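We did not get these values from a lab; they are worked out from the coordinates using the rules stated. None of these values were measured; they are calculated from a predicted model. Here the Cβ positions follow ideal geometry from the backbone for every residue, glycine too, while neighbour counts run over all protein chains shown.
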Amino acid sequence: MSQRYLVTGGAGFVGSHLVLALLRGGASVTVLDDLSTGHEAAVPKGARLVHGSVADPDALGRAFAEGPFEAVFHFASLTLVGESMREPVRYIAANVAGGAALVEACIRHRVARLVLSSTANLFSEPAKIPIDEDEAIIPGSPYGESKAMLERLLFWADRIHGLRSACLRYFNAAGADPDGEAGEDHRPETHLIPLVLDAAAGRRPPLIVFGDDYPTPDGTCIRDYIHVADLATAHLAVLEPLRTRSVRYNLGTGTGHSVREVIAAAEAVTGRSVPHTIGPRREGDPAVLIAASDRIRRELGWRPRFPALETIIAHAWAWRQRNPHGYR
Ligand code: UDP
C-alpha cells in the first residue's frame, strides 16, 4: 500500500506544490484546507480534499479518519505580514490555536513526524548575513511571532510526547511547477515576482518599488528567492532524519537579488518592460535577507535544482501566461 500523508493548507502556494511532489512519488495525500485563501482548483488531481479548518475538531476528525499518516505537513495559516501588523491578536490566536489543535491530533493519532512551514520573518535583526540556524529569533511581525510560538510548541511536543518535527524557515518562495501543473495565485497578491509579471503583462498598474534608499548597492531591498519546487524537495528530504530526531533548517539559495535585479530579470525573461515607480519604504522590510542553507546541504545533501532567478521567473511567467486569471 502506498504511503499516506496529510497536508494542511494543500490548496495554497507552497502546499499545493508539495502535494504534487508527494503524488508524483506515488504517495496518497489528504489535503485539509478551509479554502479561505487557497483554491479548490489548486489541489492537485489525485489528492483527497477535506474542506475545513485545522482549528475545527470536526474537520480534523474527518481528516485523521483518512489516516494513519506517515507524516503531517502543516501549511495552513494566515500568512500576510502586513495584515498581521494591523491585526496582531487575530493572527497569533488563529495560527497558534490551529497549530496546537493539529499537534494535539497528531499526538492522539500517534503520528510520528510533523513538518512545519516556518519563515524568515523569525529573523528581523540578523547579526550577520547570510542567516544561519544559530541566529537569534526576533520575529519581525505578529505573523513571525506566531511561527516562533509554534516552533517552541513543537520543541515541547518532541520532548514530552516524542513527536519529531522539522521547522523549515522559507525565505522568498517563488516560481511555479516546472511542468506547469501549479502556480502562485494569492488574493490579494502582495509578492514581488507575481506583481512584476502582471505589470509586465499590463494586467496591473505599474509596480511600486518600496524604497530605493536602503543601504544596498542599488538602494532597493535584497531577498533570497527560492523556487517552490525546491522547497517541496526539502520537505521530502527531512522525512528521513525525522525518524530519529527533530530538525530546523533555513531554506534559501544563499544568493540575494535586489528589487531592481528582479525587475531586470523579468524584463529579460518576458521580453517586455516592467512599468514601475519608486514609492516609500514598506514598514517592517529589512534591507537584506539571505539564508545560509549550508546546514541542510551538509546534513541531508539537499540542493536547489533551480537556483537561478531567471529560471524561477521563467516558470512563474509560463504558468501565468497559461493561467492569466490564476485558479479562477
Ligand atoms: N516589493 C516592492 N513592491 C511590491 C512588493 C514587494 O518593492 O509591490 C519588495 C519588498 O519591499 C521586498 C521584496 O520586494 O523588498 C520582496 O517582497 P515580498 O512581499 O515578495 O516578500 P517579503 O520579502 O516581504 O517576504
In segment 205-285, if every C-alpha pair distance is counted and binned at 10 Å from zero, what percent goes to each bin?
15, 34, 27, 16, 8, 0
Karplus-derived 3J(HN,Hα), 6.51/-1.76/1.60, for each residue of segment 100-112, Hz, glycine and proline x
5, 5, 5, 4, 4, 5, 4, 5, 4, 8, 6, 6, 8
Dipole moment magnitude, nearest 20 debye, the chain about Cα centre, only Lys, Arg, Asp, Glu C-beta charged
720 debye
Per DSSP H run of at least 4 residues, take -39500 (n - 2.57); add these up for the chain, divide by its residues and hand me the 222 nm value, nearest 500 deg cm²/dmol.
-11000 deg cm²/dmol
Sites Met149 and Thr233 - FRET efficiency at Förster radius 22 Å, r taken between beta-carbons, to 0.05:
0.20
How much length is gained on full extension from Gln3 to Glu267, taking 0.36 nm per residue of separation minus their Cα-Cα distance?
90.8 nm
Please compute the Cα-Cα pair-distance distribution of segment 261-328 with 5 Å bins starting at 0, giving whole percents from short to long.
3, 12, 14, 16, 18, 19, 12, 5, 1
Calculated FRET value between Ala136 and Arg204, using beta carbons and R₀ = 30 Å, to 0.05
0.20
Sites Arg322 and Arg159 - FRET efficiency at Förster radius 41 Å, r taken between beta-carbons, to 0.05:
0.30
Could you let me know the centre-to-centre spacing of segment 208-252 and segment 10-73, using Cα atoms, in angstrom?
23 Å
Most positive-pole-ward Cα, Leu78, Ala63, Leu18, against dipole of segment 1-97 from beta carbon charges
Leu18
Could you calculate, for the chain, the ratio of the Cα radius of gyration to the Kirkwood radius, expressed as Rg to Rh?
0.95
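Report the gain in length on full extension from Ala127 to Ala100: 0.36 nm times residue separation, minus Cα-Cα distance, nm rounded to one decimal. Can you show the working numbers first?
Numbers: separation 27, 0.36 × 27 = 9.72 nm, distance 3.07 nm.
Full-extension gain reported as 6.7 nm.
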Report the gain in length on full extension from Glu299 to Ile278: 0.36 nm times residue separation, minus Cα-Cα distance, nm rounded to one decimal.
3.4 nm
Cut-off 18 Å, label point 7 angstrom out along Cα-to-Cβ of Thr244: give me the residues of segment 111-142 whose amide nitrogen falls inside.
112-114
